[in-house]
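Below: one structure, written as structure tokens.
The values are calculated or read from the model by the stated rules, or taken from the named source; none is laboratory data. The structure presented is a predicted model; accordingly, all values stated were derived computationally and were not measured. For neighbour counting, all protein chains shown are included, and Cβ atoms are generated from backbone atoms with ideal geometry for every residue, glycine included.
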Amino acid sequence: MNSEAELMGDGENVQRPTSNVQHRTSEVVSHLYVHIPFCARICPYCAFYKERADSSQAQRFCEALLREIEDVQDRFALRPETIFFGGGTPTALTTAQLGFLLGGLRDLLDLSRLTEWTLEANPGSVSQRKAALLREMGVSRISLGVQSWDDDLLKLLGREHNAAQAEASFQILRDAGLANVSIDLMFGLPGQTLEQWKADLEKTITLRPDHISTYCLTYEEDTEFFLRHSRGEFREDPESDAQFLETAMRTLERAGYEHYEISNYARPGFASAHNRGYWAGHDYLGIGPSAFSTVGMRRWQNVCDYRAYSDRILAGEPAVGSTEILTPEMKRGERIALSLRTRNGIPSKELSQWSKESREFVDLGLLREANGNFVLTPRGKLLADSVAEAFV
């Protein structure tokens, strides 16, 4: 699942692109996101921009990505501290295409400040050759989209792998020397029982990944699951979802994982630096179709079509599809909502104009004050969105 797209929302209140996005600036940007839209199979729950892999277009697309990175270098002082390849499925590219893309990026960018390079991987498209290449090219962190260790649930989710393949892929990554591997899991699935969820958590713990992400299924528009939900085939159960989240918090914290953001757990020292940059409101650049960028008070999104994207970039034209100017109120609202999701919370002074609301949440046991910050309690984490809405 793609953190960058998830955090940036649906691009409401956007305008057509304006030329100011193209001007040369001296702003230093430390976080880079690259979107690879290709998937071997389209999962029925996924709302991120993706398309079936087309081998005849992939090489041209990789060339366009490198061209856009080169163009971005002409406009911004890009000194990446973190890089994140998401999708889609980056490992849907062939080993040769990955080598071309990653090698080209290394040639173009100054990576002397790089501390974390993440690449999302699907267990169905991991191989020993790809894993060795990623390690050789400097990718330091893998986010492995397991989602479940239950084969029936994997079929429901439309995944191309089974549990045995997922475990084999995890071992391939470890054997290749990749020392920072995250496993993604999903809960709140149609028909999923609490026992199945406990089994998924316990199985994951036995593999000792460095990081675990647990996402609650949401029914997003323009997905097959949304249509089935609309027809009444699938139903949401907030009480059950709360049980799943409570179980994850209790089980993973007991196993030594720090719950540093509502959906994310890490062994000490393995929290995602890239995502923490988003949550802190740092500037970042997005490369590829549908990718968002935010620099200063500007946010823009590339066109959501990889063919049109490649055509524009290779023709020397911008691929921006929409842009908006953020207001201080918008930035503050985002900062509050995202910070509240994290272990450190939000400085108390940031909520000074909502003193009544914040005290009420404290009295209700949803917030607590610690080290000058307001932090969600375990109970508050179950209602995080509702709490955040009171301050934006």
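Points worth noting:
Residue by residue, here is whether (1) at pLDDT 95 or above; (2) of a type in the set (G, A, S) holds:
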site	(1), (2)
Q301	yes, no
I313	yes, no
S355	no, yes
F374	yes, no
P378	no, no
D385	no, no
A388	no, yes
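- Any pair with Cβ under 9 angstrom, 6 or more apart, that starts in region 162-187 at a residue that is closer than 14 Å to I205 by Cα and ends at one that is of a type in the set (S, T, Y) and in a helix (DSSP H, G or I): I183/T204; L185/T204
- Comparison of S169, S213 shows that the only residue that is out of contact with any Phe, Trp or Tyr (no Cβ under 6 Å at 6 or more places or on another chain), within 19 Å of L157 (Cα to Cα), hydroxyl-bearing (S, T, Y) and outside any helix (DSSP H, G or I) is S213.
- In this entry, E51 is excluded by the filter for residues that are under 16 Å from T118 (Cβ atoms), touching a strand residue (DSSP E or B) at 6+ places or on another chain (Cβ under 9 Å) and either of a type in the set (D, E, K, R) or not assigned by TED's automatic domain parsing to the domain that holds V181 (or both).
- Close Cβ contacts (under 8 Å, 6 or more residues apart or on different chains) running from residues in region 276-299 that are under 22 Å from I346 (Cα atoms) to residues that are in a strand (DSSP E or B) and small (G, A, S) comprise G277/S30; H282/S30; D283/S30; Y284/S30; Y284/S293.
Okay, residues lined up against (1) of a type in the set (K, R); (2) surrounded by 14 or more Cβ atoms within 10 Å (Cβ to Cβ); (3) modelled with pLDDT of 85 or more; (4) in contact with a helix residue (DSSP H, G or I) (Cβ under 6 Å, 6 or more places away or on another chain):
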site: A5; (1), (2), (3), (4): no, yes, no, no
site: R24; (1), (2), (3), (4): yes, no, no, yes
site: V29; (1), (2), (3), (4): no, yes, yes, no
site: I36; (1), (2), (3), (4): no, yes, yes, yes
site: A53; (1), (2), (3), (4): no, yes, no, yes
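- Summed over region 351-383, the residues that are over 21 Å from M249 (Cα atoms), surrounded by fewer than 18 Cβ atoms within 10 Å (Cβ to Cβ) and in contact (Cβ under 8 Å) with a residue 24 or more places away in the chain give a count of 3.
- In region 362-392, residue nearest to K349 (Cα to Cα) [restricted to those that are of a type in the set (S, T, N, Q) and outside any helix (DSSP H, G or I)]: N373
- Members of region 307-325 found to be part of a loop (DSSP other than H, G, I, E, B), out of contact with any Asp or Glu (no Cβ under 7 Å at 6 or more places or on another chain) and surrounded by 15 or more Cβ atoms within 10 Å (Cβ to Cβ), listed by number: P318
- Test: residue in region 235-245 that is surrounded by 20 or more Cβ atoms within 10 Å (Cβ to Cβ), touching a Phe, Trp or Tyr at 6+ places or on another chain (Cβ under 7 Å) and not charged (D, E, K, R): yes
- Under the condition of being buried (at least 16 other Cβ atoms within 10 Å of the Cβ) and not in a loop (DSSP other than H, G, I, E, B), the residues counted in region 110-151 number 23.
The rows are residues; the columns are (1) of a type in the set (S, T, Y); (2) within 24 Å of E81 (Cβ to Cβ).
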position	(1), (2)
A271	no, yes
Y278	yes, yes
G281	no, yes
G288	no, yes
A291	no, yes
W300	no, yes
L314	no, no
G321	no, no
L326	no, yes
